[in-house]
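Encoded as structure tokens, the structure appears first; notes follow it.
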Amino acid sequence: MSDDWKRLRSADPAPTTAVPPKDLLASIMRSQREQRTTRRRRRRLRGILNLLAVLAAMVVVGYGVAWATTGTSPLDRFERMMGLDRNAGLSVDESAYGLGHFSILEPMTDRGLDELPERLKHWLLLPRMVLPKAPPAGPRANDPNWKSYVKQKPGRIGAWGETTTDLGDKVAVVSMNGKVCIVFDRYHGGDCGTIKQVERRGLATTMRTGESTTWSGTVGLVTDRVATLEIDYPGYGEVPIHDNVFRVADIPTDRFYLLGRDQDGKVVTRIFVAREFIPRGTEYDKRGRPVFDD
């Protein structure tokens, strides 16, 4: 070995006797497999939830025709098919979660629980559904045990309220199971989040209207901290808020933010809006942008 090589070896700060653990490669590969499995499971679960939401929406779209033809509510048929009951497990949550953060909410009572619209209780079944980690193999239609795969959590409702946007959309806001949910009557959908999540990034959904093939607007929920809401995009301005709910029909063609400011003009809520569909359960980064799996 040359003197130059010896000097180079002696100057190396890494110990020459260090060896990697025998199972290092296996550990790295196992970690990668676990991450991929977790991502696949999360995508599969979100896919099931979204499929059920679409199926429920399709049921309600044909509500009038089916009711007139058979005399049986399609909502009832959907629940029987899934082994669910919109009235089962409902109770009053004395904590009234979210009541001090959303002016639209009023405390729930036993009488109010009985007076909740049937259609609203039906949509509140979606966040109450507990699905298996992996769906059973094989066709569902001929599986007599399908009902056993879907479980139903109790619905502890602390507060609720209804409003109508300036564009005529009927919207309900419900505090249930430690989250606040917004349900759009016209678009047959909704979303739920904690108070912290709503304060940080709102609850917003971009939708199509009727037979339109283009995105036609955004509807969502903000807390009482938001005094004004504006579209952060050139040529667009303030968005009206009514009872914590906003609905904007004219939106940019690109991705953009809705900025919610408090009475002092400070941005307290950043709502990311995109044309692509953001599945329920998607994780968000520190700036409030959705993190999509590869």
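Worth a mention:
- Taking each residue of region 82-107 that is closer than 19 Å to residue 163 by Cα and looking for partners that are aliphatic (A, V, I, L, M) and open to solvent by 30 Å² or more (accessible area, probe 1.4 Å) with beta-carbon atoms closer than 7 Å, six or more apart or interchain, yields 105/99; 107/99.
- Any hit, region 201-214, residues being at pLDDT 90 or above and either open to solvent by 40 Å² or more (accessible area, probe 1.4 Å) or more than 30 Å from residue 87 (Cβ to Cβ) (or both): yes
- Of the residues making up region 233-274, those that are part of a strand (DSSP E or B) and either open to solvent by 80 Å² or more (accessible area, probe 1.4 Å) or hydroxyl-bearing (Ser, Thr, Tyr) (or both) are 238, 242, 257, 269, 270.
- Test set (1) at pLDDT 90 or above; (2) of a type in the set (Asp, Glu); (3) loosely packed, with under 15 Cβ neighbours inside 10 Å - residue 230 fails condition number: (3)
The values are calculated or read from the model by the stated rules, or taken from the named source; none is laboratory data. It should be emphasised that the depicted structure is a prediction, and the values quoted were computed from it without experimental measurement. Backbone-built Cβ (ideal geometry, glycine too); neighbour counts: all protein chains shown. Heavy atoms of the whole protein, side chains included, go into the accessibility calculation; ligands, DNA and RNA do not. Shrake-Rupley method; radii C 1.70, N 1.55, O 1.52, S 1.80 Å.
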